[in-house]
Each structure stands twice: as C-alpha cells, then as structure tokens.
Amino acid sequence: MKQLTLKKAVTFVLMLLITAVAFAQSEKTMMVGGAAMYPSKNIIENAVNSKDHTTLVAAVKAAGLVETLQGAGPFTVFAPTNQAFNKLPAGTVETLLKPENKDNLTTVLTYHVVAGKISSSALMGMIRKNGGTFKAKTVQGGELTFTMNGKNIVIKDEKGGMSRVTIKDVNQSNGVIHVVNTVLLPK
C-alpha cells in the first residue's frame, strides 16, 4: 500500500514539473533592458523591470497613465529607451516631468500608443500593401508614418523626426511593445 502511495506521489510531482516546464516554454519571454518580459503580464508590470526604460516609466507615472496602460487594451506601444530620451534637448525631460506640464507630457506619451495589438509582421505587411508607407492614428490623435529601411521598421513623426524599432514584438497580456531609439513628437 505504501508503494502505491509513493508511486502516486511521484507521478503527481512529475505531472507538476511537466506542467511547470510547459507553462514556462509557452511564456516565450524576451529580454528588454536586462529583464524578462512576460506575455502573461501587462505593459506596466513588464516595463518597470527594464533598466532601459526608467525614464519612460517615470514619465508614465508623472502623466498618470499607469492605470490606463494596466488596462485591458489592447495597445501597441512604441517605447523609447532612456537613450532615446537623452537625445532630446537638454532640460526637456525634466521640464516635461514637472506637474504643471502634465498635459504636454501626456500628449507626448499617448503619441507613442496605437489602439490595438499590431505585430511587426502585420505592420510590415501594411507597409508593403500600401506601397511602402503606412500611416496609423495614435491614441493622442496624431499620425505616425511607417516605412521600411531594409529589414528595419522606421517611424516618422509629425515633426519629421525619425525613429527605428530596435526590439520588436515584446508581447504583453494587454498588447505589444516595440522598443524605439528616438522619442516621437506630435505637431
């Protein structure tokens, strides 16, 4: 009888291990900023762990957008790195983070978000389908223009600035993040 119970216990433990391994493999995490990005977590839960996105996270908090980006979405976020923010003129980030500039900060941040979940392959398909250029309306209300440069997705903002997707298809429970190397600016 003890042998039967031991066999059941071993079988149960093996089943748990197999289930855990299968779940870990199904997560298909990506590394961004030295941290694993889990598809089962939302945009904020993942972004706060990326050492390359501390400025973006601080800006999202200052703009009061945390709750929104934790919501159901889905959202496609073009997430500028700390280096992208460093390209802005000196003092720009500090000025935007001031409470009295919350509206301007919100405008800039929501210009980086498109409603829906758009994978890089879908985006490239829309670029090809539209003769090499695709325009998407942002949550802020402006437009981003997408093109290809070789295998790279390039984004042009309304001020003529150019950004490149450096890490694509970082899937989230409420959308997808594409990391970009330049802050996008609306009119």
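Summary of computed values
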| quantity | calculated |
| --- | --- |
| Residue, farthest from Ala72 (Cα to Cα), within the range 102-119, restricted to residues that are among the hydroxyl-bearing types (Ser, Thr, Tyr) and surrounded by 15 or more Cβ atoms within 10 Å (Cβ to Cβ) | Thr107 |
| Residue within the range 125-139 that is assigned to a strand (DSSP E or B), small (Gly, Ala, Ser) and surrounded by 15 or more Cβ atoms within 10 Å (Cβ to Cβ) present | yes |
| Pair list, Cβ under 6 Å, 6 or more apart: the range 154-178 residue without any contact (Cβ under 8 Å) to a residue 60 or more places away in the chain, other residue basic (Lys, Arg) | Val154/Arg164; Glu158/Lys187; Met162/Lys156 |
| Qualifying residues in the range 31-60 (those that are of a type in the set (S, T, N, Q) and free of Cβ contacts under 8 Å to residues at least 24 places away in the same chain) - the one surrounded by the fewest Cβ atoms within 10 Å (Cβ to Cβ) | Asn49 |
| Unique residue being touching a Leu at 6+ places or on another chain (Cβ under 9 Å) and either farther than 14 Å from Val113 by Cα or part of a helix (DSSP H, G or I) (or both) when the list is Ala58, Ala90 | Ala58 |
| Hits in the range 66-77 - residues which are touching a strand residue (DSSP E or B) at 6+ places or on another chain (Cβ under 9 Å) and assigned to a loop (DSSP other than H, G, I, E, B) | Gly73, Pro74 |
| Residue that is within 14 Å of the chain's Cα centre (by Cα), part of a strand (DSSP E or B) and more than 22 Å from Glu67 (Cα to Cα), where the choices are Val165, Val176 | Val165 |
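Coordinate-derived values only; no laboratory data. For clarity, every value in this text was computed on a predicted model and none was experimentally measured. Quick reminder, even Gly has a Cβ in these numbers, built from the backbone with ideal geometry, and neighbours come from all protein chains shown.
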